[in-house]
Amino acid sequence: MNTVLYIVVPCYNEEAVLPETSRRLGLLMDDLTAKGEISPASRVLFVDDGSRDKTWSMIEALEDARFEGAKLAHNAGHQNAVWAGMTLACERNCDAVISLDADLQDDPEAIRGFLKAYREGCDVVYGVRKSRTTDTVFKRSTAEAFYKIMGACGAEVVNNHADYRLLSRRALEALLQFGEVNLFLRGMVPLLGFKSEKVYYDRAERFAGESKYPLKKMLSFAMDGITSFSVKPIRFITVLGILFALLGAAFGLYALVSLFTGHAVVGWTSTIMSIWLIGGVQLIAIGVIGEYIGKIYMETKRRPRFILETYHSKNSAPHK
Ligand code: UDP
Ligand code: MG
């Protein structure tokens, strides 16, 4: 039996890259189908994440019947758009699903390697970029710092792997059971277990258009990643608290000794400094705890991760 592959492509204001992306994916699908590596029932599913430009009308106008589209009712964010695509692909009985950014930064040719690993029995195949030479120095260094912090917090992530990956049907079904609303897919997938493999590729420049991940979004994404997978930051605060209590006790002892030995100098500097220091530490502590409480608040609402407005397909019924 041939593999029914779904390639999920999240698109947010991607009118500039869509024609080229669909052309490249079409050619790749032709070749893979001709070689018998994927079934003719395989599809590319473009997920329009509430774009404000012509993205959706362009998806609807795509000639190729293998191209389908899902329009989300609002901008749910990259992770939720990928989740939506994977959910829909699962409902359409795919054997495997691949998520791929619309901007051609992740080389579609790596899909051949993904499929090879899949045929060899891997349920999870990670696309890992060989080098980050196409990224700015800033993006590269912040990304490195992020992976280090994640690692130190005990969350397992694959270095230099973004959201370009293949999941077999059973890995996909397992992933879709995860109930959290704050999605951080690259931290969730390693938790699945299953046999996995890495496939390396060169990450290109964005083909056209500009990044939909400004610094603000990136920072909040990193914060989500860290606080979704680890309670270590809270523990760190407890340790810090104990440390400061011990320091305080030592300082108190010193003050008492100075008092009794007659060296007591009423130190304005030390008083003011400790007020600032303790105040700062307390604020950080409250902030970190607040992050977790905020997360609990969001999770308890159990809001849907995406809302589907339309599904566009030239095929009458999904593959069974
Ligand atoms: N994206 C999305 N919803 C968003 C932001 C981005 O679906 O709210 C998509 C975007 O269209 C692209 C992918 O997520 O296919 C990655 O975004 P981008 O290339 O802008 O991020 P970068 O590569 O700069 O980190
Ligand atoms: Mg990109």
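Scan the stretch 81-92 and give yes if some residue there is touching a His at 6+ places or on another chain (Cβ under 9 Å) and either touching a residue at least 60 places away in the same chain (Cβ under 8 Å) or away from ligand 2 (no atom under 16 Å from the Cβ) (or both), otherwise no.
Yes, the stretch 81-92 has at least one match.
Being touching a Ser or Thr at 6+ places or on another chain (Cβ under 6 Å) and charged (D, E, K, R) is the filter here, so list the residues in the stretch 25-62 that pass it.
If the condition is that a residue be touching a Ser or Thr at 6+ places or on another chain (Cβ under 6 Å) and charged (D, E, K, R), then ASP48 is the only one that fits.
Provide a single number: the residues in the stretch 189-221 that are away from ligand 2 (no atom under 16 Å from the Cβ), buried (at least 17 other Cβ atoms within 10 Å of the Cβ) and under 16 Å from the mean Cα position of the chain (by Cα).
Adding up the residues that qualify gives 3.
So ARG206 fits all but one of (1) modelled with pLDDT of 80 or more; (2) under 18 Å from HIS78 (Cα atoms); what number is the exception?
(1)
Just checking, how many residues over the stretch 39-52 are over 17 Å from LEU100 (Cα atoms) and over 24 Å from the mean Cα position of the chain (by Cα)?
Adding up the residues that qualify gives 3.
Would you confirm whether any residue within the stretch 130-139 is within 14 Å of ligand 2 (Cβ to nearest atom), surrounded by fewer than 18 Cβ atoms within 10 Å (Cβ to Cβ) and more than 15 Å from ALA162 (Cα to Cα)?
Looking for residues that are within 14 Å of ligand 2 (Cβ to nearest atom), surrounded by fewer than 18 Cβ atoms within 10 Å (Cβ to Cβ) and more than 15 Å from ALA162 (Cα to Cα), one finds at least one in the stretch 130-139, hence yes.
From the list GLU144, GLU156, which residue is acidic (Asp, Glu), surrounded by fewer than 15 Cβ atoms within 10 Å (Cβ to Cβ) and assigned to a helix (DSSP H, G or I)?
GLU144 is the lone residue from the list that is acidic (Asp, Glu), surrounded by fewer than 15 Cβ atoms within 10 Å (Cβ to Cβ) and assigned to a helix (DSSP H, G or I).
Would you mention how many residues in the stretch 8-52 are over 20 Å from ARG119 (Cβ atoms), of a type in the set (Asp, Glu) and surrounded by fewer than 15 Cβ atoms within 10 Å (Cβ to Cβ)?
Qualifying residue count for the region: 1.
From the residues in the stretch 94-134 that are within 16 Å of ligand 1 (Cβ to nearest atom) and small (Gly, Ala, Ser), which one is farthest from LEU32 (Cα to Cα)?
By that ranking, first place goes to SER131.
Filter the stretch 211-242 down to the residues that are assigned to a loop (DSSP other than H, G, I, E, B) and within 16 Å of ligand 1 (Cβ to nearest atom), then identify the one that is farthest from LEU283 (Cα to Cα).
Selected residue: SER211.
Filter the stretch 160-196 for residues that are acidic (Asp, Glu) and modelled with pLDDT of 95 or more and give the result.
GLU173
Pairs, please: C-beta under 7 Å, at least 6 apart or cross-chain, first residue in a helix (DSSP H, G or I) and in the stretch 10-30, second more than 15 Å from ligand 1 (Cβ to nearest atom)?
What qualifies is SER22/LEU62; SER22/PHE67; GLY26/ASP64; LEU28/ILE111; MET29/SER42; MET29/ARG66.
The values are calculated or read from the model by the stated rules, or taken from the named source; none is laboratory data. Fair warning: this is a prediction, and the values are worked out from it, not measured in the lab. Using ideal geometry, Cβ is built from the backbone for each residue, glycine included, and neighbour counts are taken over all protein chains shown.
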